[in-house]
Amino acid sequence: MVESMVTFFLIFLLAIGTQGQTSDDVSWAKRVDTGSQVVTTMQFYFHDTLSGSNPSAIQVAQPQSGSNSLGGFGNLMMVDDPLTEGPDKNSKLIGHARGMYGQAARNELGLIMVLNYGFTDGIYKDSTFSLLSLNPAMQTVREMTIVGGTGLFRLARGYALAQTYSINSSGDAVVGYNVTISTYI
């Protein structure tokens with residue numbers, strides 16, 4: 001009788017101990033519950049392709065002729081850029097950045113970013129965060145604001161640090177993102 005109770009108790013403890021774990025953990029993100037909020041850190045790569053037969057970013061507006069500003073002030077791009085776990089375009093797809101960015105500065109390369117980052121991998125599947133910020137693209141590391149989200153990122157606030165990994169003569173770029181997001185419990 002005592003043996004069966006001990007066995008039952010051990011099985012019960014094992015069942016309780018594994019309830020908070022998930023098999024959906026991913027290598028590109030980490031969540032920490034601080035008691036009053038959850039802080040999520042992520043690292044992924046954004047692939048912005050302007051060239052070829054299947055670009056992920058296309059121009060949807062341009063300034064009137066005669067504009068001679070640096071970087072094409074007034075140009076507006078619509079994007080559906082893949083997000084991957086690593087910098088190689090064939091690395092694991094984890095989501096998409098969808099929205100637009102435009103050249104918002106007349107005398108420097110400053111892109112206004114209005115993008116929704118949606119995820120398709122692990123526990124982050126169907127969760128999104130929204131970024132609305134100026135991207136001073138010529139700086140080595142750019143800090144941008146996260147202003148909201150859905151799913152695990154509901155009521156998100158935070159920042160993204162972006163650093164260009166590679167860019168070619170056509171403007172195709174791979175950008176590494178390090179993101180920190182806080183959400184309320």
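The figures follow:
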quantity	calculated
Accessible area per residue, Å², the range 50-185 with all protein chains present, probe 1.4 Å	54
More than 15 angstrom apart: percent of Cα pairs within the range 112-179	57
Calculated SAXS-style log₁₀ I(q)/I(0) at q = 0.15 Å⁻¹ - the range 59-150, Debye, Cα scatterers	-0.67
Pairwise Cα inverse-distance average, inverted: Kirkwood Rh of the range 17-176 (Å)	16.8
Summed residue charge, Cβ within 12 Å of Ile58's Cβ, Lys/Arg positive, Asp/Glu negative	-3
Apportionment of accessible area to carbon and sulfur, the range 65-182, percent (1.4 Å)	54
Sum of side-chain charges, Leu109 neighbourhood, beta-carbon under 15 Å (Lys, Arg +1; Asp, Glu -1)	0
Taking only Cα atoms of the range 26-68, radius of gyration then Dmax in Å	19.6, 56
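The values are calculated or read from the model by the stated rules, or taken from the named source; none is laboratory data. This one's a predicted model, so the numbers in the text were calculated from it and none came from an experiment. Cβ atoms come from the backbone with ideal geometry, glycine included; neighbour counts cover every protein chain shown. For accessibility, only protein heavy atoms count, side chains too; no ligands or nucleic acids. Shrake-Rupley method; radii C 1.70, N 1.55, O 1.52, S 1.80 Å.
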